[in-house]
Every structure is written in structure tokens, then in C-alpha cells.
Amino acid sequence: MISGGSAGGHLAALAALSANDPAFQPGFESVDTSLAGCVSLYGVLEMTSQKEIGGRYGKGLKVLLEKQVMKTTIDDHLDLFKAASPYHRLRSDAPPFLVLHGTNDTLVPVAVPRAFVPALREVSQAPVGYIELPFAQHAFDTTASPRSSATTQGIVAFLDAIHSDYLQKGEK
């Protein structure tokens, strides 16, 4: 299992969808890097901001990605941004996914998971859950609140279900 919020949500989804990709595991190409599940909270699931797939950046995200994260521009290296985009790595053998996102997220607009989740559901053989939180902002879970508590309970229920299914299959 893997989970994360914001950049961590991006990395969790990327790790889950790039399992066993030799380009992502130099020096240990033969190691199985597949995961049992993924929980992505308000993650950057689409790095190219392609409008035809619902992507667009929140204010400042493009600058952050180009200058601090990727160290190049989308216009100059679209291929690198695609390779780093969970959306562009959708696969039928993806592990179970749970995506959580707020409707008022000004950094990663809700259009991103609204495009990602149905696209993943279309190809994945595993369950893909989506929790959209009305009026929630980016990093909505960083302070204790009834919403954070309920969100945590939802994540635990998802993880329990995945774990139970895993045990029923007789896997270790």
C-alpha cells in the first residue's frame, strides 16, 4: 500500500502506475515493485495540463512544476511531463485506488481527478474509489476537524476492504 497528499499523492499514484517499469528502477529492474493499493489525496494526477483530458493548473502550479520539480518547460519537454503523469500511465493491472479531492482546491483543480478517475475505471480491473469533498480546499486534512475524521474513516474502510480481499485470496 502507498498513500500521500499533494505531491505525495502524485508520487503515490505514479508509483502505483509505474510498477515494474525499468526506466523508474535503474539498478533493480528485476525487482517486483507492484503495490497492493494506492490512496491519493489531492494529488497532481495529470502533469501536462492538457485541456482535452480535463487538466488545467491551479494558480502557481505550472510555475512550481516547471521551475522547481521538472526543471524544464512543458512546451520544451511534453514527453517528460507525460512520463511523470499518473494519467498517462493508466493500466489494466493497476492496484486498487482511492482518490480524495476537494471541490474548492485552488492548487489542483477538481477537474483533474474528475478526468483521472473515470479514465482509470475504464481500464483497471481493480476497484477505483473516488471521494469528492464539497467546499474542501487543497490540504483539507492538515487540521483536525469532523471532515478530517470522516475522511480518515473512509480511507481506513477502503484499506480494510483491500486487505480483507487480499487475505481471502490466500496471499501473504
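The values are calculated or read from the model by the stated rules, or taken from the named source; none is laboratory data. Given the structure is predicted, the values throughout are model-derived calculations rather than measurements. No Cβ is skipped: glycine too gets one built from the backbone with ideal geometry, and neighbour counts run over all protein chains shown.
Conditions tested, residue by residue: (1) modelled with pLDDT of 95 or more; (2) not hydrophobic (A, V, I, L, M, F, W, C).
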residue	(1), (2)
80	no, no
93	yes, yes
98	yes, no
105	no, yes
114	no, yes
127	yes, yes
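Taking the criterion of being over 19 Å from residue 114 (Cα atoms), hydroxyl-bearing (Ser, Thr, Tyr) and touching a strand residue (DSSP E or B) at 6+ places or on another chain (Cβ under 9 Å), the only residue of region 133-167 that qualifies is 142. The number of residues in region 85-121 being among the polar types (S, T, N, Q) and buried (at least 19 other Cβ atoms within 10 Å of the Cβ) comes to 1. Here region 1-38 is the region considered, the condition is being touching a Phe, Trp or Tyr at 6+ places or on another chain (Cβ under 7 Å) and assigned to a strand (DSSP E or B), and the residue that is farthest from residue 157 (Cα to Cα) is 5. Looking across region 143-172, the residues that are without any contact (Cβ under 8 Å) to a residue 40 or more places away in the chain and either crowded, with 16+ Cβ neighbours inside 10 Å or part of a loop (DSSP other than H, G, I, E, B) (or both) come down to 143, 144, 145, 147, 169, 170, 171, 172. Does residue 74 satisfy the condition of being more than 16 Å from the chain's Cα centre (by Cα), at pLDDT below 90 and either surrounded by 14 or more Cβ atoms within 10 Å (Cβ to Cβ) or of a type in the set (D, E, K, R) (or both)? Against the criterion (more than 16 Å from the chain's Cα centre (by Cα), at pLDDT below 90 and either surrounded by 14 or more Cβ atoms within 10 Å (Cβ to Cβ) or of a type in the set (D, E, K, R) (or both)), residue 74 qualifies.
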